[in-house]
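For reference, the structure discussed in these notes is given below.
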Amino acid sequence: MYNRLKTLYELQKIDDQLDELEELRGDLPNAVESLESKINQLKEDVTSKEKERAESLKKRQENEEEIERLRANQQRFKAQLYQVRNNKEYDALTKEIDHTEEQISKFEQQNDSLADLSKRLADDIETIKPQLNELKEELKVKQADLKEIIKANEKEEVKLRELRKNILDQTKKPDYSAYMRIRKAKKGKAVATIRRSACSGCHNIVPPQRQLEIRRNNRLFFCEYCGRILVSTEIAENVTE
């Protein structure tokens, strides 16, 4: 049991050092992730607007072709007016001419709306592009800063992670599960020692009888107040040495 407790404390010490390296990065990882998310969103917006604008231009072209066809028909109907033989044929042709005029007007109005839409989309795209370039430049700077910090501590981090892996191989699964659960709940600190008769994690007094039991190093004990795993001073000093 002594070795199990010692292993958990060693694991905590390694994780403390890894946490310190993580803290050196500050908010840079989150900032980089946030910028990447914003950039991707703006890129999607530009792509969406460009697609909509292309569809608008295509529709306008189709409408122009339809207008040309309708105008050709209208000219043909007007020419036929001079060849009518009775009022019935005349009324039928004028009705076709009027209907064609309505269709032409409808397509022209639609094209005016599509032209406005196309201009608005183009303006939106031109507004987004400078924002996108600005965010890209900011991302480049923050990525460089983060890379520099990571590189400065790379050797130490690799060494610590290798040590952690070796310690993890010696840790029993139930112990590790409890350790990680507490670590997550207590912002990294899962294992505490007894300092001045108190838990070093929450600083609440540990009863004398419990302190004696903890010093025996024969089972897992949890702080009654914060839930952290408590180890004896003997184990803490042994690991530190």
Practice prompt. Count, please, the residues in region 90-107 that happen to be among the acidic types (Asp, Glu), under 15 Å from Glu64 (Cα atoms) and surrounded by 13 or more Cβ atoms within 10 Å (Cβ to Cβ).
Written response: 1
Practice prompt. Would you check if Gly188 is among the small types (Gly, Ala, Ser), outside any strand (DSSP E or B) and within 17 Å of Leu11 (Cα to Cα)?
Written response: yes
Discussion item. What's the total number of residues in region 18-37 that are in a helix (DSSP H, G or I) and buried (at least 16 other Cβ atoms within 10 Å of the Cβ)?
Written reply: 6
Discussion item. Condition first: of a type outside the set (Asp, Glu), in contact (Cβ under 8 Å) with a residue 24 or more places away in the chain and under 30 Å from Glu36 (Cα atoms). Can you find one or more residues in region 101-119 that meet it?
Written reply: yes
Fill in: Residue pairs meeting the criteria (Cβ under 7 Å; at least 6 apart or on separate chains; first basic (Lys, Arg), in region 52-81; second surrounded by 16 or more Cβ atoms within 10 Å (Cβ to Cβ) and assigned to a helix (DSSP H, G or I))
Arg53/Ser118; Arg53/Leu121; Lys59/Leu114; Arg60/Asn111; Arg60/Leu114; Arg71/Ile104; Lys78/Ile97
Worksheet item: Going through region 131-169 one residue at a time, which ones are part of a helix (DSSP H, G or I), polar (S, T, N, Q) and touching a residue at least 24 places away in the same chain (Cβ under 8 Å)?
Response: Gln131, Gln143
Practice prompt. Go through (1) closer than 29 Å to Leu24 by Cα; (2) out of contact with any strand residue (DSSP E or B) (no Cβ under 9 Å at 6 or more places or on another chain); (3) in the same structural domain as Glu20 (by TED's automatic domain parsing) and name the single condition Arg183 misses.
Written response: (2)
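The values are calculated or read from the model by the stated rules, or taken from the named source; none is laboratory data. In this text, all values refer to a predicted model and were calculated from it rather than measured experimentally. Note that we place each Cβ from the backbone using ideal geometry, even for glycine, and neighbour counts take in every protein chain shown.
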